[in-house]
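Before I ask anything, let me first share the structure, which is written out below as structure tokens.
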Amino acid sequence: MHHKLISSPLQGYTDFHFRNAFQKFFGGIDHFYAPYIRFGGKMEIKPIYQRDLKPKNNTALEVIPQVMTCRAEEFIFAAKYVRSLGYTELNWNLGCPYPMVTNKGMGSGLIKDPAKIDRILDQVHSKTDIIVSMKMRMGYEHAREILEVFPVLEKYPIKNIGIHARIGAQLYKGGVDLEGFQRCVDHCGQKLYFNGDITSVAVFEKMTEQFPTIDHWMLGRGLISDPFLPGMIKIKTYHYPENKLEVFSKYLDTLFTSAEQKLTGEKAVIRKMLSYWEYFSSLFPEPPKVVKKIKRAKTYEAYDSAVREILEGF
Ligand SMILES: Cc1cc2nc3c(=O)[nH]c(=O)nc-3n(C[C@H](O)[C@H](O)[C@H](O)COP(=O)(O)O)c2cc1C
């Protein structure tokens, strides 16, 4: 089977700077979901999302925009906006687990309301020609909530349903619920993508054995932590390339330059790099020590020397 790998969006991490840097130095990803567009009360697309989706910022890769909303008007507005930029598909986020989102009936908080999902999809399909895909958890309170949503989704030409195999109430705690995902495979007549905790080639191979009908896999934190992972999965190897230090160093430099372009002040740039290092640290034998070294750096000079020290162990 030919497996497709998809970059799962992480707000604050996988913006166009990240996506372009990743694509330049690594590869293995077939397409990227952009982090969600969210409305702040006004019917307008914030400049940060506009920049992220601008075609000229996304020339080297295939990007699919995402929206997080529980209002048909907002969905339609976002759909028309992304269509005006040339995108044909809009992914709908029913996965976000955070109470400030779910308490408003958005993200994974919407899964328990299939009638509302139906009303929104009906409006979107009658007023736009956007292709809709879904990104969902299996529920907010329990993993069977999604089973009530499948018959609604089947009324529409949903391109695919990416499932992060957890429930919202879990946040990111505990493992992925593979039994729950199997139930989705058994009950859903539409195309499913798997998402959750793919962090190594070995885990990926185990998943493909367990779910032989799935051929699309979404990687979120695993891809940020180990940018070599998608490429290694694609060529079925457990070995890193020989020039891994050189490639990773150049990637770091590119992320750093991007952070410098979008932020003001050494502290803000180093804080941004720290947020990546919290993931990269898993590539090293003692992750907490790596994070501590970056955290201690308050100037560019200190940051550079911390990075040099860390990379000696790569
Ligand atoms: C910091 C952070 C930001 C995220 N932002 C988004 C987002 O914008 N849209 C979305 O659908 N999922 C978002 N997610 C969820 C991830 O895309 C993914 O579904 C989840 O992390 C599970 O996959 P993983 O184990 O491969 O990371 C986010 C997750 C994290 C940790």
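Please treat every number below as a calculation from the coordinates, not as lab data. Worth saying up front: this structure is predicted, and the values here are computed from it rather than measured. Reconstructed Cβ throughout: ideal geometry from the backbone, glycine too, with neighbour counts over all protein chains shown.
Apply the Karplus parameterisation 6.51 cos²θ - 1.76 cosθ + 1.60, with θ equal to phi minus 60°, to every residue of the stretch 223-239 and state each ³J(HN,Hα) to the nearest whole Hz, in sequence, with x for glycine and proline.
So the Karplus estimates, Gly and Pro as x, are 6, 5, 4, 10, x, 6, 4, x, x, 5, 4, 5, 9, 6, 10, 9, 9 Hz.
Now, a different point. Could you name the lysines whose alpha carbon sits less than 18 Å from that of Lys292, not counting residues in the same chain fewer than 8 places away?
Qualifying lysines at Cα under 18 Å: Lys267, Lys272.
Moving on to the next point. Can you pull a Stokes-Einstein diffusion coefficient for the stretch 184-234 at 25 °C (0.890 mPa s), Rh from Kirkwood over Cα pairs, as a whole number of µm²/s?
Answer from the Stokes-Einstein relation: 212 µm²/s.
Right, something else. Starting from the amide H of Ile161, placed 1.01 Å from N in the peptide plane, find each other amide H under 5 Å away whose residue is 5 or more places distant or on another chain.
For Ile161, whose amide H was placed from the backbone, the distant partners under 5 Å are Met134, Lys191, Leu192, Tyr193.
Just list whichever of Lys250/Lys293; Lys206/Lys236; Lys54/Lys116; Lys116/Lys159; Lys4/Lys56 have alpha carbons separated by over 22 Å in the model shown. If you can, show how the numbers build up before the last one.
Details: Lys250/Lys293 20 Å; Lys206/Lys236 13 Å; Lys54/Lys116 31 Å; Lys116/Lys159 19 Å; Lys4/Lys56 25 Å.
Violating the 22 Å Cα-Cα cut-off are Lys54/Lys116; Lys4/Lys56.
Can you give the angle from 0 to 90° between the axis of helix 201-210 and the longest principal axis of the chain, with both taken from C-alpha atoms, to the nearest 10?
20 degrees
Same structure, new question: At 0.36 nm per residue, minus the direct Cα-Cα distance, what do Phe150 and Ile235 gain on full extension? Give it in nm, one decimal, please.
Going from the current span to full extension adds 27.2 nm.
I would also like to ask the following. Give me the percent of Cα-Cα pairs in the stretch 161-216 that sit more than 14 Å apart, rounded to a whole number.
53 percent
Which one of Val152, Tyr172, Val185 is farthest out on the positive end of the charge dipole of the stretch 149-197, using unit charges on Cβ (Lys, Arg +1; Asp, Glu -1) and the Cα centre as origin?
Val152
Compute the angle between helix 114-127 and the longest alpha-carbon principal axis of the chain, please, reported from 0 to 90 degrees and rounded to the nearest 10.
Once rounded, the angle reads 90 degrees.
Additional query: Measure of size requested: the Rg and Dmax of the chain, with Cα atoms as the atom set and Å as the unit; please supply both.
Reported Rg and Dmax, both Å: 19.8, 58.
Would you list the P(r) distribution for the stretch 183-314, with all Cα-Cα distances sorted into 5 Å bins from 0 and each bin expressed as a whole %?
With a bin width of 5 Å, the distribution comes to 2, 9, 17, 19, 15, 12, 10, 7, 5, 3, 1, 0.
How would you rank 204-210, 246-252, highest first, on the average number of other Cβ atoms within 10 Å across their residues?
246-252, 204-210
Write down the radius of gyration of the stretch 1-59 and its Dmax, each obtained from C-alpha positions, in Å.
Reported Rg and Dmax, both Å: 13.1, 45.
Give a residue-ordered list of calculated ³J(HN,Hα) values for the stretch 23-37 (Karplus: 6.51 cos²θ - 1.76 cosθ + 1.60, θ = phi - 60°; whole Hz; x for Gly, Pro).
3J(HN,Hα) across the stretch 23-37, in whole Hz: 5, 5, 9, 10, x, x, 9, 7, 7, 10, 8, 7, x, 4, 8.
Counting other beta carbons within 10 Å of each residue's own, what order do Met136, Met232 fall into, fewest first?
The fewest-first ordering by Cβ neighbours comes to Met232, Met136.
Hey, another quick one. Which far-off residues, 5 or more places away or on another chain, put their amide H under 5 Å from the one on His216, with H placed in the peptide plane?
Lys4, Phe194
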